[in-house]
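The values are calculated or read from the model by the stated rules, or taken from the named source; none is laboratory data. These numbers were taken from a predicted model, which means no experiment stands behind them. Here the Cβ positions follow ideal geometry from the backbone for every residue, glycine too, while neighbour counts run over all protein chains shown.
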Amino acid sequence: MLGKILFRTSLFLGAVASLSALVLLTPLSVKATGGNQFDNGGILFDAETIIEFEFIESNGAYQSTFGVLNLQTGEKTPLLVEVKPADRVQSIEAESTYQDNSRQGSSNDFRGTPGNTVPQPLVAFQFQANTPYVFYLESTLNGRPAGILYSMNSQNPGENKQLRFEGNFSILGTGGVALYWDDTGSLLVDSELDDRDFDDFIIQVGGNLDCPFDNQERSR
């Protein structure tokens, strides 16, 4: 089931993932100038906005957490959390397929699925108006930190693109946007052997479900 996007200035979300402690980061070059943005340059909405995020699958040896980072406060909010690296145990010595396995149903590349690797695969987050955000993917390998990657290219090592957006703001409320992460596998292979398959953590954002608030307003 795809998620949904609600544009409201007076909605309150009952069950949002709890906020973590503040983290200190280097200054991030995003300004809240109004308008809407949903791409590798940043996340910004000109009105208070609630969006649902649905975990689709993962294909990688890392155990990862996807979340939202408020660039004004440095506050991180974890949204989709893997409780194990994959549905079934695989050796980290297994060679990557070096291809995009997304939505293929393959279990040979550390595949994780909703309800198994991620027990709570559908969550919502409330974005504040005119507040800059980025998405992040924080990973571990056998309990060892494996780094944090960001949806904003400029915040990644070498300013590399680690998240592919399939879609943009204009379709958040209709077909939705798919997010495809590549986690680099830097603790497993040298950088020149990075598979760059963009299938390591896949999320559906927004979607085409009817908004119940819209239906209520139309019936008045």
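Key figures
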read-out: Segment 129-142: number of residues that are over 13 Å from Phe201 (Cα atoms) and surrounded by 15 or more Cβ atoms within 10 Å (Cβ to Cβ); value: 7
read-out: Matching residues, segment 143-152, being over 14 Å from the mean Cα position of the chain (by Cα) and either in contact (Cβ under 8 Å) with a residue 40 or more places away in the chain or surrounded by 15 or more Cβ atoms within 10 Å (Cβ to Cβ) (or both); value: Arg144, Ala146, Gly147
read-out: Among (1) surrounded by 18 or more Cβ atoms within 10 Å (Cβ to Cβ); (2) at pLDDT 95 or above; (3) closer than 21 Å to Asn153 by Cβ; (4) not hydroxyl-bearing (Ser, Thr, Tyr), the one test that Phe55 misses; value: (3)
read-out: Residue match in segment 177-194 (condition: part of a loop (DSSP other than H, G, I, E, B), at pLDDT below 95 and under 15 Å from the mean Cα position of the chain (by Cα)); value: yes
